[in-house]
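The values are calculated or read from the model by the stated rules, or taken from the named source; none is laboratory data. Remember, it's a predicted structure, so these values are computed and weren't measured experimentally. Positions of Cβ are backbone-derived with ideal geometry, glycine not excepted, and every protein chain shown enters the neighbour counts. The protein model used for the area step is the full one, side chains on, heavy atoms only, and it has no ligands, DNA or RNA in it. Shrake-Rupley method; radii C 1.70, N 1.55, O 1.52, S 1.80 Å.
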Amino acid sequence: MPRPGRGEVLVRVLASSVNPIDAKRAAGYGQRLLALKGAGHFPLVLGNDLAGQVLAVGAGVSQFTAGQQVFGLLATGRAGGAHATHVLVPQQQLILADQHAPPSTLAALPYSFVTMWLALRGAGLSLSNARQARVLINGASGGLGRLAMQLLTPWGSRLTTVCGRGQRQLGIEMGAEYAIERGPGRIESLPSDFDAVLNFGSWEDDALLSSRLGPKALGQATTVHPLLGHIDRLGLLAGAWASRKDWRAARARVSARAPGARYAWTVFKPDREAMEALATGLRQRRIGLPVGIALPLDQAVEAFAHVSAGRPGRAMLLP
């Protein structure tokens, strides 16, 4: 049983999610770069999201006590992931949970919400400037896209969404002014006056999405950039060089459309501001993702298969 160090909380895990990045990492994706952080060699525990119960706290922990229900996330690194029965979590990466909220509901959210929040920041979007901003969301029917819509709609943004096949109506129901399904010629059919673009769908769409920015746009962010893939395929130095070339070319496209706009490749990392925004959204009952499958750890292979096949709903592990 691990013992909490200074600033750490020992949590008995009641639920942890399998995210798409977990399924990809299980197949070897990102191993070369993540190995530098101690997260690319066996024994390897995956998972970033968790919900559970505080068992013990380390020195300097003032926010939590034993017995409380919490949810939060772990960074990707040497300490291991959340697909476990017990984990040590820095106190700043935990939030006190509503005692009546199902653990699987809470554990479905932190990694995706934080990644989405970082993408909004990378594109220059915030509560202070989002009202009436025209935002194009690619991959809107996935977890990141749904969460972005749940956040931006009450902020007053005007949303256009690119959804998966058969998902157009979902985009409209979640608050989009206009929604299309992904396919040849669809992105090009959209107007070129968007204030911000969020690409949660495909790197292959990134250049087309840049062409939809207006001349005074805030910026564009993508969570589906080729950084880890380049390094897996080419090695650290050549992969980093190829990534730099791709980023600079994409940045130049955005600058050509809107000289003052930002351009960002979003990389997940724990963020306290994002976690507090998630807690606020949960209290206001406007943030959530559907759970599609929930299984014990000894059936984890089925949960990973659910994610790899792109089946609807989040995949949860229940230690």
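Return the sequence-ordered ³J(HN,Hα) values of segment 19-24 in whole Hz as given by the Karplus equation 6.51 cos²θ - 1.76 cosθ + 1.60 applied to θ = phi - 60°, using x for Gly and Pro.
Each residue of segment 19-24 in turn: 8, x, 5, 5, 5, 5 Hz.
Return the sequence-ordered ³J(HN,Hα) values of segment 177-183 in whole Hz as given by the Karplus equation 6.51 cos²θ - 1.76 cosθ + 1.60 applied to θ = phi - 60°, using x for Gly and Pro.
Residue by residue, segment 177-183 yields 5, 8, 9, 10, 9, 5, x Hz.
I'd like the carbon and sulfur percentage of the solvent accessible area for segment 205-280, probe radius 1.4 Å, heavy atoms only, ligands and nucleic acids excluded. Don't skip to the answer; put the middle values down first.
On the way: 2160 of 3650 Å².
It is 59 percent, rounded to a whole number.
Using a ≥ b ≥ c from the Cα gyration tensor of segment 171-217 (square roots of the eigenvalues), is it rounded, prolate or oblate, where a/c under 1.5 gives rounded and otherwise the larger of a/b and b/c decides, a/b for prolate? Walk me through the numbers on the way to the answer.
Values: a/c = 1.56, a/b = 1.14, b/c = 1.37.
In terms of gyration-tensor shape, oblate.
In the chain, with Lys and Arg counted as +1 and Asp and Glu as -1 at Cβ, which of these residues, 93, 143, 124, has the Cα nearest the positive end of the dipole, that is, farthest along it?
124
HN-Hα J couplings of segment 201-212 from phi, Karplus 6.51/-1.76/1.60, θ = phi - 60°, integer Hz, Gly and Pro as x?
x, 7, 5, 4, 8, 4, 5, 4, 5, 4, 5, 8
Which one, 227, 51, 211, projects farthest toward the positive side of the charge dipole computed for the chain from Cβ point charges (K/R +1, D/E -1)?
It is 211, whose Cα lies furthest towards the positive end.
Checking the a/c ratio against 1.5 first, then a/b against b/c, what shape does the Cα gyration tensor give for segment 176-319?
Working: a/c = 1.79, a/b = 1.39, b/c = 1.30.
Cα axes put segment 176-319 in the prolate bin.
Where the centroid of each part is defined by its Cα atoms, how far is segment 285-313 from segment 61-82 in Å?
Each part's Cα centre sits 21 Å from the other's.
For segment 1-82, what number results from the quotient of the Cα radius of gyration and 2.2 N^0.38 Å? Write down the numbers at each step before the final one.
Working: Rg = 14.0 Å, N = 82, 2.2 N^0.38 = 11.7 Å.
Here the Cα radius of gyration is 1.19 times the empirical estimate.
Hey, what's the Cα Rg ratio for segment 43-149 versus the globular rule of thumb, 2.2 N^0.38 Å? Mind dumping the intermediate values first?
Numbers: Rg = 16.1 Å, N = 107, 2.2 N^0.38 = 13.0 Å.
Output field value: 1.24.
Angle between the Cα long axis of helix 272-283 and the longest principal axis of the chain, 0 to 90 degrees, nearest 10?
Orientation of helix 272-283: about 90 degrees from the principal axis.
Output the peptides 152-164, 233-245, 296-308 sorted from most to least packed, where packing is the average of other Cβ atoms within 10 Å over each peptide's residues. Can you show the working numbers first?
Working: 152-164: 20.9, 233-245: 14.1, 296-308: 15.8.
Answer by packing, highest mean first, reads 152-164, 296-308, 233-245.
Given a cut-off of under 8 Å on Cα pairs at least six residues apart, what relative contact order in percent is computed for segment 179-286? Write down the numbers at each step before the final one.
Values: 130 pairs, mean separation 26.7, N = 108.
25 percent.
Between segment 230-277 and segment 99-151, how far is it from one alpha carbon centroid to the other, in angstrom?
Between the Cα centres of segment 230-277 and segment 99-151 lies a distance of 19 Å.
When only C-alpha pairs under 8 Å and at least 6 residues apart count, what is the relative contact order of the chain, in percent? Display every interim value, and only then the final one.
Numbers: 716 pairs, mean separation 65.7, N = 319.
In percent, rounded to a whole number, it is 21.
Let's see if you can work this out: charge +1 on each Lys and Arg Cβ, -1 on each Asp and Glu Cβ, no other charges. What is the dipole magnitude of the chain about its Cα centre, in debye to the nearest 20? Each step should come with its number before you reach the end.
Numbers: 34 positive and 20 negative charges, 134 e Å.
For the chain, the charge dipole is close to 640 debye.
Just order 117-127, 181-191 by mean Cβ neighbour count inside 10 Å, highest at the front, would you?
Values: 117-127: 21.3, 181-191: 12.5.
Peptide ranking by packing, descending: 117-127, 181-191.
Regarding segment 118-250, what's the average projected area of the Cα-atom convex hull, expressed in nm²?
Values: hull surface 32.4 nm².
For the Cα atoms of segment 118-250, the hull's average projected area reads 8.1 nm².
Which order do peptides 207-216, 139-148 fall in by mean Cβ count within 10 Å, highest first? Before the final figure, lay out the partial values.
On the way: 207-216: 18.4, 139-148: 25.3.
Answer by packing, highest mean first, reads 139-148, 207-216.
Run the Debye formula on the Cα coordinates of the chain, all scatterers equal and no solvent, and tell me log10 I(q)/I(0) at q = 0.06, 0.07, 0.10, 0.12 1/Å.
Ignoring solvent entirely, the Cα scatterers give -0.20, -0.28, -0.57, -0.83.
What percent does the relative contact order of segment 1-96 come to when contacts are Cα pairs within less than 8 Å and at least six residues apart? Please list the in-between numbers first.
Values: 205 pairs, mean separation 38.5, N = 96.
Averaging sequence separation for qualifying contacts and normalising by length gives 40 percent for segment 1-96.
Hey, what angle do you get for helix 110-122 against the long axis of the chain, alpha-carbon based, 0 to 90 degrees rounded to 10?
Rounded to the nearest ten degrees, it is 40.
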